[in-house]
Amino acid sequence: MDNIKNYVGQNKDRFINELIELLKIPSVSADSAYSQDVINTADAVKASLEKAGCDHVEICETPGYPIVYGEKFIDKNLPTILVYGHYDVQPADPVELWSSPPFEPVIKKTDLHPDGAIFARGACDDKGQMYMHVKALEFMVQTNSLPCNVKFMIEGEEEVGSPSLAWFVERNQDKLANDVILISDTGMISNTQPSITTGLRGLSYVEVEVTGPNRDLHSGLYGGAVANPINVLAKMIAQLHDENNHITIPGFYDKVEELSREERDEMAKAPFSLDAYKQALDIEDVYGEATYTTNERNSIRPTLDVNGIWGGYTGEGAKTVIASKAYAKISMRLVPAQDWNEITQLFTKHFTSIAPKGVTVKVKPHHGGQAYVTPIEIVGYKAAALAYEESFGIKPIPVRSGGSIPIVALFEKELKSKTIMMGFGLDSDAIHSPNEHFGIFNYLKGIETIPLFYKHFTELSK
Ligand code: BES
Ligand code: MN
Ligand code: MN
């Protein structure tokens, strides 16, 4: 423990500078304009794993962006940890809302990060958190304290639904065989109250298209007499929730498991201030499904949200027009036992059925994935809890997150292993938003905590 603290203390400037270099490459997987940068980032990750002491590192080509694979093998009788992370990032836009350019990292202090935080797209999600694992490995190799075998699998398509990773995992089950999967791509409650993410929601993401007349029309000559696709789309979307904010798609809740009163009471023990929550978002009140608390609404309950809506005239000034088409992107967050393919079908059937005469509706499924829950009785969870307790001096609380990492459920299906999510970000770190940042404290604490997981996991596995 002292060892790692010293090592981090002596090397922290270098650790920060190396991460800053990685953050300068705009590895936006969603936008093909950045494809060379995504590929360059894979090369940079490969080089960093080699430098940190992996014996064998390779760039694995896929139908999409490459997967960086590395391993350090010591003894086949020892456990093997598979570390997963992603080197791709979300698009930075709207760029004008950033206080400094998204790919020119700067360190600034914030209320929650008095020691400073690195501001850049990907700082927290997930380059910073992924790189903690590379530096933790460096420490264990340098000090001869790596207690078990380790494999790294760092992908470049997480932010677009991991299409190639599924392909890769299905074809490389032996190569990826492991005793536990370790991921830092989630958050924790606060820097004084660590938590371990024990749940991820599933996801069904669709795009809808409503078509009315065969061309854009003069809204004076035709208005009132033909269906306006934008009006219709807005009305259809409004019908997807009832007055209690329940989702109205028939069958949507059929498989949703209700938590017992005891489980809900247990959840409610996690420290949470509704006032601070509202204040941080500048909202007068929260909003959501009746009879559930804020923390329940964003973790154990499924949701439906419009992520984008467009059509008609949105340029400067006014144009009196009835558009031929209107569009929306809609995502549903799912909870365990809801099957994302089934939900996509239920959505499609319902959404097409509520369309009035005079328009046609198309639903195009995007990506999706199943929810996941880490049992807290397993060795991996216990090892993680001991690691946090040792490095923070405080016992971590298990928390179910509202976010999704769809590949985690697939890991369980294909590799038959459980995933431990040791996230060190804060909800306020603005992942996917302008001004994403990652606390220096969090980054260094992560590097300190990870080797303790290796130690406890190896000991508890004996
Ligand atoms: N790292 C996030 C997921 C996350 C963040 C989970 C914080 C829990 C806490 C991941 O990169 C992400 O953004 N996932 C997407 C889904 C993906 C298919 C695009 C998400 O949750 O929207
Ligand atoms: Mn992520
Ligand atoms: Mn993300």
Exercise for review: State the Cα centre-to-centre distance between region 249-289 and region 433-462 in whole Å.
Suggested key: 27
Revision key, fill the gap. Straight-line reach check, Lys319, cutoff 28 Å on alpha carbons, 8 or more apart in-chain or any other chain, hits among lysines -> Lys235, Lys329, Lys357, Lys362
Check your understanding: Among the lysines, which have Cα under 22 Å from the Cα of Lys72 when same-chain residues fewer than 8 positions away are ignored?
Key -> Lys46, Lys51, Lys127, Lys135, Lys151, Lys175, Lys416, Lys418, Lys455, Lys462
Review point. Using a basic spin-label model with each label point 7 Å from the Cα along Cα→Cβ, how many nm lie between Glu284 and Glu389?
Key: 4.7
Review point. What does the charge add up to near Ile322, with Lys and Arg as +1, Asp and Glu as -1, over the other residues with Cβ less than 13 Å from its Cβ?
Key: +2
**Study point:** Scaled radius of gyration (Cα, divided by 2.2 N^0.38 Å) that region 1-86 gives
**Key:** 1.30
Exercise for review: Beta carbons within 10 angstrom, averaged per residue: use that to sort the peptides 24-37, 79-92, highest first.
Suggested key: 79-92, 24-37
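In Å², what does the accessible area per residue of region 288-420 work out to with a 1.4 Å probe?
On the way: 6180 Å² over 133 residues.
Here the residues of region 288-420 average 46 Å² of exposed surface.
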Check your understanding: If you stretched the chain out fully between Ser99 and Asn307, how much longer would it get, using 0.36 nm times the residue separation minus the C-alpha to C-alpha distance?
Key -> 72.5 nm
Point to revise | Antiparallel content of DSSP bridges confined to the chain, in %, to 5 | key: 70
Check your understanding: Sorted by packing (mean other beta-carbon atoms within 10 Å per residue), highest first, where do 275-288, 384-397, 208-221 land?
Key -> 384-397, 208-221, 275-288
Study note, to complete from the structure: In nanometres, the difference between 0.36 nm per residue of separation and the alpha-carbon distance of Asp111 and Ser273 is 56.7 nm
Study note, to complete from the structure: In nm, the gap between the two label points placed 7 Å beyond Cα toward Cβ at Asp242 and Ser145 is 5.7
**Study point:** Backbone N under 17 Å from the Arg264 label point (7 Å along Cα→Cβ), restricted to region 282-307
**Key:** 287-303
Review point. What FRET efficiency, computed as 1/(1 + (r/R0)^6) with R0 = 60 Å and r the Cβ-Cβ distance, is obtained for Thr360 and Lys76, rounded to the nearest 0.05?
Key: 0.50
Practice item. Starting from the Cα of Tyr292, step 7 Å along the direction of its Cβ; do the same at Asp43; then give the gap between the two resulting points in nm. Key: 4.6
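How much of the calculated P(r) for region 58-181 lies past 26 Å, in percent of all Cα pairs? Could you put the intermediate results ahead of the total?
Details: 2625 of 7626 pairs.
The share of Cα pairs beyond 26 Å in region 58-181 comes to 34 percent.
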**Study point:** Value of Rg/Rh across the chain [Cα atoms, Kirkwood radius]
**Key:** 0.99
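The values are calculated or read from the model by the stated rules, or taken from the named source; none is laboratory data. Everything numeric in this text was worked out from a predicted model, so none of it was measured. All Cβ positions, even for glycine, are placed from backbone atoms using ideal geometry, and neighbour counts span all protein chains on display. When the accessible area is computed, the model is the full protein with side chains, heavy atoms only, and any ligands, DNA or RNA have been set aside. Shrake-Rupley method; radii C 1.70, N 1.55, O 1.52, S 1.80 Å.
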